[in-house]
Amino acid sequence: MTYLIKGETGDWEVVIGMEVHAQVIANSKLFSGAATNFGAEPNSQVSIVDAAMPGMLPVPNEHVVAQAIKTGLGLNSKINHTSVFERKNYFYPDLPQGYQISQFEHPIVGEGVIEIDLPDGSTKEIGITRLHLEQDAGKSVHDQHPSKSFVDLNRSGCALMEIVSEPDIRSPEEAVAYLSKIRMILRYLETCDGNMDEGSMRADVNISVRKLGDELGTRAEIKNVNSLKAVQQAIDYEVPRQIEIIEDGGKVVQETRLWDPAKNETRSMRSKEEAQDYRYFPDPDLLPLHVSQEQIDEIKAALPELPDQKKHRFMGAFGLSLYDASVLIAERERAQYFETAANGNDAKLTANWVINELLGALNKDENKAITQSPVSAEHIGALTALISDNTISGKIAKDVFAEMYKTGKKPADIVEEKGLKQVTDTGAIETIIDEVIAENPDNVAAYKGGKDKLFGFFVGQVMKKSQGKANPAAVNELLKAKLS
Amino acid sequence: MSLDKETARKVARLSHLEMSEEELERRVPQLNTIMNWIEQLSEVDTDNVEPLANVANIELQLRKDEITDGGDAQKVLANAPEETQGFFVVPKIVEQEG
């Protein structure tokens, strides 16, 4: 469905491209041997390279290069055999070099495409423009002193991958879905932990508006958009702002704006246009980076199954709906849990139990992760097996599940202990039916007199008497025969 | 191509170099001498010639992903004009990074 915003002069289309900064999982930094742990004491993970002491030489981390290639392959993108590190020049106290070593004209990863899953159950392809490697900056703390800022260089020099999308995104929902999918891919690949709270994944959102069919409008780059919710909110704020400017006869200024989550608004960050003049040039300290086809092939051969491959396999091999498959692949551990549970069982039924009952229960239980589930994958599998072979009904299974969640016990043990086994023995059911008929002569007469609706009443009475254990299909069949 | 005073002023500002009017007057012709020399180089036909990154034909050296450095905040802070609790202390900055 096309997402359009109504303005005073007609409908506006939203055009969005995203830049995702993802900190690479590595022990040490991009160009130095200092550690990369989050939350360490200030400046305790800084080498003299990261502090930009004169005369220091950057030496690239081979694992980081491999991680970038792996991520590029995961984004179905072209890996460039030659890439070049360049200096991006700007001044800021948390950038001691006075420039950031980045890649500009020749990034390590070129064009690709990923598939995003939308809330309405459809999918869409979003183009990847490039992925390049660069140094992260340090961190400034502004709120500790009235006239001073404090600088911690622990993050300075950590390896970042900047993943740039094509301006293919057309709504806030697509932007959220895109960011979720990027995070999912990075987590599956274990190239970035995707923790937006800790800043190890950050997003800049480029937004412009246009009338359908028009040329691209002037874009604003929104920085500091650091959660999925913020992506949605920043777009919801920025789009009407731009439309209003244009409809009032003004022009959108190409600028960088900051998302302020506290005030729920974007605001201009820079006044001077020339501040954007980074004067890139190849870093004379670093030769071009060459990657061989053998190295690429080796990394490709060791790739794990990616989210979209898993999704399509779940749909094809297990007959799951796109929605169910999307929910199950959202986390690698969740997909793994499902596969273990579904092993040898009815996959669709297992998917229902994992999604509706287990994820629901975990959600209510302090939003626990599936890895903290008190119910093991094997036990969920055993529970669906008990339903499939008619040992218990779906209704009783919910009680068994609640007990499993509380105690962690095996479903078969719970069924045994509580005597919940489904009664399929027709003799036993018939005895109960006879009792119910004997106890309700008036209703029997009314039913026979044409009040068909009373059939449900009899089923209910029989189920109640059997404490829910009678096989519903058998009850229906036997009741019909007895009452006719 | 020649460099005018406004461009020189802009480049100086981007580089955080303070230049007086007199100095700009003096530097612009000097810079233009260099620019003209580089201009001359572009007369050479370099079509189909790969950029040369070094003349020794060496490859970029990479290192293993091991922690071999850091762990000494005091050493890093030794030359800082001002520090507190392990942080560098600088005049307050309002504009954000770019």
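Coupling constants for region A:343-359 follow from the phi torsions by the Karplus curve (6.51 cos²θ - 1.76 cosθ + 1.60, θ = phi - 60°), and in residue order they are 4, x, 10, 5, 5, 5, 5, 4, 4, 4, 5, 5, 6, 7, 8, 5, 4 Hz; glycine and proline get x. Expressed as a whole percent, how much of the Cα-Cα distance distribution for region B:1-86 exceeds 22 Å? For region B:1-86, the share of Cα pairs beyond 22 Å comes to 65 percent.
When the listed pairs A:LYS263/A:LYS364; A:LYS453/A:LYS482; A:LYS263/B:LYS92; A:LYS139/B:LYS64; A:LYS421/A:LYS482; A:LYS70/A:LYS310 are checked against a 19 Å cut-off, the alpha-carbon distance exceeds it for A:LYS263/A:LYS364; A:LYS263/B:LYS92; A:LYS139/B:LYS64; A:LYS421/A:LYS482. With neighbours defined as other Cβ atoms within 10 Å of a residue's Cβ, the residues A:THR129, B:THR46, B:THR7 order from fewest to most as B:THR46, B:THR7, A:THR129. Here the average projected area of the convex hull drawn through the C-alpha atoms of region B:33-77 stands at 7.7 nm².
Dipole magnitude for region A:309-434: about 580 debye, using +1 per Lys or Arg Cβ and -1 per Asp or Glu Cβ, origin at the Cα centre. Cβ-Cβ distance of A:LYS300 and B:ILE58, R₀ of 45 Å, FRET efficiency by 1/(1 + (r/R0)^6): the value works out to about 0.95. Peptide A:216-228 shows a mean partner chain C-beta count of 0 within 10 Å per residue C-beta. As a length-normalised measure over Cα pairs under 8 Å and 6 or more apart, the relative contact order of region A:146-271 settles at 19 percent. Here is the size of region A:323-473 from its Cα atoms: Rg then Dmax, 19.0, 59 Å.
What is the fewest-to-most order of A:TYR405, A:TYR3 by other Cβ atoms lying within 10 Å of their Cβ?
A:TYR3, A:TYR405
Highest mean packing comes first when the peptides A:90-99, B:74-83 are listed by Cβ atoms within 10 Å, giving A:90-99, B:74-83.
All distinct Cα pairs of the protein assembly as shown go into the 1/r average, and the inverse of that average, the Kirkwood radius, is 28.9 Å. In a simple Cβ point-charge model (Lys, Arg +1; Asp, Glu -1; nothing else charged), the protein assembly as shown has a dipole of about 2140 debye relative to its Cα centre.
Among A:ILE69, A:PRO411, A:GLY360, whose Cα sits farthest toward the positive end of the charge dipole of the protein assembly as shown (+1 at Cβ of Lys/Arg, -1 at Cβ of Asp/Glu, about the Cα centre)? Comparing the listed Cα positions along the dipole, A:PRO411 ranks first. Listed by Cβ neighbour count within 10 Å, with the fewest neighbours leading, A:TYR178, A:TYR278 appear as A:TYR278, A:TYR178. The ratio of the alpha-carbon radius of gyration of region A:413-484 to the globular-protein estimate 2.2 N^0.38 Å is 1.15.
Residues whose amide H falls under 5 Å from that of A:ASN61, counting only those 5 or more places apart or on a different chain, are B:ARG63, with hydrogens built in the peptide plane. Put simply, the convex hull of the Cα atoms in region A:78-170 casts, on average, a shadow of 8.9 nm².
Sorting the segments A:16-28, B:22-34, A:391-403, A:75-87 by their mean number of nearby beta carbons within 10 angstrom, highest to lowest, gives A:16-28, A:75-87, A:391-403, B:22-34. Here the calculated FRET efficiency for A:ASP399 and A:ASN443, from their Cβ-Cβ distance with R0 = 30 Å, stands at 0.60, rounded to the nearest 0.05.
Mean per-residue shielding of peptide A:49-56 is 2, counting Cβ atoms of other chains within 10 Å of each Cβ. Shielding by partners for peptide A:95-106, expressed as the average number of C-beta atoms from other protein chains within 10 Å of each residue's C-beta, is 1.
Which angle between 0 and 90 degrees, to the nearest 10, do you get for helix B:21-41 versus the longest principal axis of chain B when only C-alpha atoms count? The answer is roughly 70 degrees.
Since every read-out is calculated from the coordinates, none of them should be taken as a lab result. Quick caveat: nothing in here was measured; it's all calculated off a predicted structure. Cβ atoms come from the backbone with ideal geometry, glycine included; neighbour counts cover every protein chain shown.
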